Amino acid sequence: MWTYFRVNYIGTEDGRNVFVGLITDSSKERLLEEKSRINEEMYHIAFNQSNVFLLEYDHRSKQVSCSSESSAAYFDSAAFSNIPESLIDSDLIHERSFDDFYHFYHQIIGGVKTGEVKLKMRALNSDKYIWIHVKFTNIFDDDNQPIKAVGVYQNIDEQVRLESRYLQEIKYRQKLMQRSITNLEVNLTTDEVIKAHNVTYNLLGLDEKASYSEFIKKMVTLVADEDKHLFLDTFGLDNVRQAYHDGKDDLRISFLFYRPTKKRYGWVSTHMMFLYNEETNQLMGFFYANDIDDDKRKTIELTRQARTDALTGLINRRELERVITSEIQLVEPGNYGALFMIDVDNFKLVNDANGHSAGDETLRFVANRLKSLFRGDDVVGRFGGDEFMVYMKEVGAKKDVISKAKQVSEALATTCPGSKIDISWTVGVTFVETPRVIFDEIYHQADSAAYEAKKNGKKSYHIFE
């Protein structure tokens, strides 16, 4: 039990000294004091753990006082005088927040009961600024005049960053969807379509309650046969969920898609963006398709031109090297390749006697003749000038290659179109029996074989040994 003991010393009229004492039970008062102390301590602990800090503004002195925790975390001082000028002059408030800060301050001194603001404030011992959220409540005297404002503030820098990113993503999606030929907002967790472009549903014959899976099932019917597997492997519901769990932020593919309004296939680019809703623990997806047919066809044509010899229509030297290099990697025992180097005999005479137009016509004639002598999947191209190159893949026996070399060397014994000059070709061949060779190596071998063939006379062939 807690007791309160009070003693008074009293002098009597007859000259005696008397002590008068009073003992009372103070247990209840002591218990209340202890409770108050514990509550205050719990209050400070709660604020510290919630990253929320206290401040107080005195209207008469124009001074802001901060709790010890907040001054240690964010300020180099526990009190600031001459508010608001001192905070502005010290660069504590970012210039982008000046207007908001002045408005907030005038709310406080104007006697508004409560208010709040977001400010960009300089971090302690740093040139970096962070976002904070401040809320205040005014305390009034008996004359209803504000005397103090008690506030709390917290660091919301990460929250503002995430909100800004989210808003940017929303704007980005809106712009993309404005240009899209079809778009969906879907709940990938529940397989629900939240919003859809009406034209898409009309086109596919779907009602408004159709699921995402039903949409994909219908849409794939308009995808070109060669792209159906790619489309389903990318945008099938299970595959989309798995892609997100594998750490992908989005999915993109391009494919040929039948456009009933145009009655033909055209290129479209499709994109699925992911957004996970932490509040509902559900995965959202934003699917849209853009018409890229014109751009895609231009790109394909430019690529074709970059890989094709303009005169003959065969692939050019650079493309020959790229394709043959890839084919070399597929060589294995019993499944090898053969490289042919073919020179047109007497081509210089054709040019000198009849001009370059006759020479061009001769090269086109040779190219067409050469293509007709090889299989459709053999690689046939113009290496440059009057030189042509052919790569036969998946050759079963060397005797078949030798027979082909003999056939080719004899196939062009003819008079040049538009000229009386006889033309033929000389053939050099090398076998590619291992993937551990490079293009330049087998090219020089075939070229060396063609040189040996020329020494033996035109309209001949030679196999590199």
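Can Asp143 be described as over 32 Å from the mean Cα position of the chain (by Cα) and surrounded by fewer than 12 Cβ atoms within 10 Å (Cβ to Cβ)? Yes; evaluated as a whole, the condition is true for this residue.
On the given criteria, is Thr434 polar (S, T, N, Q) and part of a strand (DSSP E or B)? Criteria not met by Thr434.
Filtering the stretch 221-242 to residues that are closer than 15 Å to Tyr258 by Cβ and surrounded by fewer than 16 Cβ atoms within 10 Å (Cβ to Cβ) leaves Thr221, Ala224, Asp225, Glu226, Lys228.
Could we say that Val134 is part of a strand (DSSP E or B) and either among the hydrophobic types (A, V, I, L, M, F, W, C) or on the phi < 0 side of the Ramachandran plot (or both) here? Steps first, answer last, please.
On the way: part of a strand (DSSP E or B): yes; either among the hydrophobic types (A, V, I, L, M, F, W, C) or on the phi < 0 side of the Ramachandran plot (or both): yes.
Criteria met by Val134.
Scanning the stretch 346-386 for residues that are more than 21 Å from Gln305 (Cβ to Cβ), surrounded by fewer than 21 Cβ atoms within 10 Å (Cβ to Cβ) and either among the aliphatic types (A, V, I, L, M) or within 48 Å of the chain's Cα centre (by Cα) (or both) yields Leu349, Ala353, Ala358, Ser372, Leu373, Phe374, Arg375, Gly376, Asp377, Asp378. Going residue by residue through the stretch 121-137, is there one that turns out to be among the β-branched types (Val, Ile, Thr) and without any contact (Cβ under 8 Å) to a residue 24 or more places away in the chain? No, every residue in the stretch 121-137 fails to be among the β-branched types (Val, Ile, Thr) and without any contact (Cβ under 8 Å) to a residue 24 or more places away in the chain. In the set Glu185, Glu208, only one residue is out of contact with any Ser or Thr (no Cβ under 6 Å at 6 or more places or on another chain), of a type in the set (D, E, K, R) and modelled with pLDDT of 85 or more; that residue is Glu185. In summary, Val112 fulfils each of the numbered conditions (1) modelled with pLDDT under 90; (2) surrounded by 15 or more Cβ atoms within 10 Å (Cβ to Cβ) with the single exception of condition (1).
Is at least one residue of the stretch 147-155 among the hydrophobic types (A, V, I, L, M, F, W, C) and either on the phi > 0 side of the Ramachandran plot or without any contact (Cβ under 8 Å) to a residue 40 or more places away in the chain (or both)? No: zero hits. The single condition among (1) crowded, with 19+ Cβ neighbours inside 10 Å; (2) assigned to a loop (DSSP other than H, G, I, E, B); (3) among the charged types (D, E, K, R) that Glu465 does not satisfy is (1). The residue that is nearest to Ile194 (Cα to Cα), among those in the stretch 242-258 that are in a loop (DSSP other than H, G, I, E, B) and acidic (Asp, Glu), is Asp249. Scanning the stretch 387-403 for residues that are farther than 22 Å from Thr325 by Cα and either in contact (Cβ under 8 Å) with a residue 40 or more places away in the chain or assigned to a strand (DSSP E or B) (or both) yields one hit, Ile402. Set side by side, the residues Thr221, Thr190 differ, and just one is at pLDDT 90 or above and over 26 Å from the mean Cα position of the chain (by Cα), which is Thr221. Within the stretch 53-75, residues that are modelled with pLDDT of 85 or more have Cβ atoms under 9 Å from residues that are part of a loop (DSSP other than H, G, I, E, B) and buried (at least 17 other Cβ atoms within 10 Å of the Cβ) in these pairs: Glu56/Ser67; Tyr57/Ile83; Lys62/Ile83; Lys62/Pro84; Gln63/Ile83; Val64/Ile83, counting only partners at least 6 apart in sequence or on another chain.
Report, by residue number, each residue of the stretch 215-241 that is touching a helix residue (DSSP H, G or I) at 6+ places or on another chain (Cβ under 9 Å) and closer than 18 Å to Leu283 by Cα. Those that are touching a helix residue (DSSP H, G or I) at 6+ places or on another chain (Cβ under 9 Å) and closer than 18 Å to Leu283 by Cα: Phe215, Ile216, Thr234, Phe235, Gly236, Leu237, Asn239, Val240. Here Ser326 meets each of (1) more than 24 Å from Asp440 (Cα to Cα); (2) out of contact with any Asp or Glu (no Cβ under 7 Å at 6 or more places or on another chain); (3) not charged (D, E, K, R) with one exception, condition (1). Put simply, of Ala413, Ala450, Ala397 the only residue that is surrounded by 15 or more Cβ atoms within 10 Å (Cβ to Cβ) and out of contact with any helix residue (DSSP H, G or I) (no Cβ under 8 Å at 6 or more places or on another chain) is Ala450.
The values are calculated or read from the model by the stated rules, or taken from the named source; none is laboratory data. Remember, predicted model here, so these are calculated numbers, not experimental data. Reconstructed Cβ throughout: ideal geometry from the backbone, glycine too, with neighbour counts over all protein chains shown.
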